[in-house]
Amino acid sequence: MSRKRRMFDIDIPAMDDIPVGKVPDKVLEKRRGPMAAAISENADALRDQQSTEETIRAENDRLAHELVRLRNDGLVTEHVPLANVLTEKLTRDRKPGPDPELDELKDSIRDIGLSNPIRLERRSDGRFELIQGMRRLSAYRALLDETGKDVYARIPAGISEAGDLDNSYRRMVDENLIRKDISFAEMGALARAYAENPSNDCPDVDKAVSTLFKSASYTKRSYIRSFASLLRMLDKVLMHPNDIPRNVGVELKRKFDATPNLVRQVSETLMSEPDRDGVREVAILRSFLGASEASEDKKPKGESSSKPRRAKTTFQVTGRAGVAKCSASSGRIELKYNLDFTRVDRNKLEEAIAAFIEALPEEDDLTHG
């Protein structure tokens, strides 16, 4: 008995519809089992995790290098024990004796803390040298002695590596040039001490003034040189040099240059009154100047009566960048603050000035008609 062969119709697709050399993705997905899919997904997750970790490591390295740079530049604030802060490297330009403004600074530190950290340089023995902030350091030491609180045992400071001696002096001097209470005698004494220190390799006072007070104007440097010479001529005779007005000191130095014998006369007159105070000392110096100084320092009565001295109000306001010194008079207000106002957005600056003016009382006696 013969078997019949069954026939089937097969639809063969056209050759153009058959992809050549590539298997469709859908076909691959259909053929991939659960285990293969899990392995593939795990591999993708590992790649993503590795990429994320590399990105985090790179960012951490960048931040670490930036922190080191900022710390070396003294821009990172650290809390340093007062016992580790020394003042041996630089000759200070602050006059000896009590500081009348120290109590105000102490009150400010008690209320809001220290707004402006001091600046230190590292020493090889692990301690630090003070470069800027003698008054702030003195205030912390006084508060620690008065209160015994641990919060005043450490002071906020920006620390940099030990630098060139001239640069260290410049940092100290440039900060103190903005002080209103620093006298020309203090600056002249600093220039003398700097020139007399063999380690500074400075031949004379003129070079010392040019090095230390490079940021000051030519005229101001000239005044400092005059006071340095005056202190040398009257060395160990003056008892209150910081009370000498600028014009008195400069004119007296000119007198000494023109009449060298005058130095001995002034010295003898000063020594004849050993119990003199600052006012009396200045009066004695004025007596040797005659009409030239009087005409410069004292206005004629007729002129003073026609142009009366304007009333002036001065005060200080503590801000985030330190203490703002304000001076107000008729039609004028002056603000000195440790902030570069040129970098403040103009719109914000205008808004701040407008808010300041708006906050003032609008009274008839405050306006000019």
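The values are calculated or read from the model by the stated rules, or taken from the named source; none is laboratory data. Only a predicted model underlies this, so the values are computations on that prediction, with no experimental measurement involved. Neighbour counts run over all protein chains shown; Cβ positions are idealised from the backbone, glycine included. The protein model used for the area step is the full one, side chains on, heavy atoms only, and it has no ligands, DNA or RNA in it. Shrake-Rupley method; radii C 1.70, N 1.55, O 1.52, S 1.80 Å.
For the stretch 248-266, give me each residue that is open to solvent by less than 20 Å² (accessible area, probe 1.4 Å) and in contact with an Asp or Glu (Cβ under 7 Å, 6 or more places away or on another chain).
248
Could you please let me know if residue 269 is β-branched (Val, Ile, Thr), modelled with pLDDT under 90, surrounded by fewer than 19 Cβ atoms within 10 Å (Cβ to Cβ) and part of a helix (DSSP H, G or I)?
no
Within the stretch 201-223, work out how many residues are within 25 Å of residue 264 (Cβ to Cβ) and surrounded by 18 or more Cβ atoms within 10 Å (Cβ to Cβ).
Adding up the residues that qualify gives 2.
What are the pairs with Cβ atoms under 7 angstrom where one residue, in the stretch 312-329, is within 12 Å of residue 112 (Cα to Cα) and outside any loop (DSSP other than H, G, I, E, B) and the other, located anywhere, is open to solvent by 30 Å² or more (accessible area, probe 1.4 Å) and hydrophobic (A, V, I, L, M, F, W, C)? Sequence gap at least six, or different chains.
Partner pairs satisfying both residue conditions: 318/112.
Can you tell me which residues in the stretch 322-339 are of a type in the set (A, V, I, L, M, F, W, C) and surrounded by 14 or more Cβ atoms within 10 Å (Cβ to Cβ)?
Passing the criteria: 323, 324, 326, 328, 339.
Being open to solvent by 50 Å² or more (accessible area, probe 1.4 Å) and under 16 Å from residue 192 (Cα atoms): is that true of residue 232 here?
When the stated conditions are applied, residue 232 passes them.
Could you please give the count of residues in the stretch 190-214 that are closer than 20 Å to residue 89 by Cβ and in a loop (DSSP other than H, G, I, E, B)?
Final tally of qualifying residues: 5.
Restricting to the stretch 272-286, what's the tally of residues that are surrounded by 14 or more Cβ atoms within 10 Å (Cβ to Cβ) and not in a helix (DSSP H, G or I)?
1
Scan the stretch 118-146 for residues that are open to solvent by 60 Å² or more (accessible area, probe 1.4 Å) and among the polar types (S, T, N, Q) and jot them down. Can you show your working first?
To start, the set of residues in the stretch 118-146 that are open to solvent by 60 Å² or more (accessible area, probe 1.4 Å) comprises 122-125, 127, 141, 145-146.
Matches in the stretch 118-146: 124 only.
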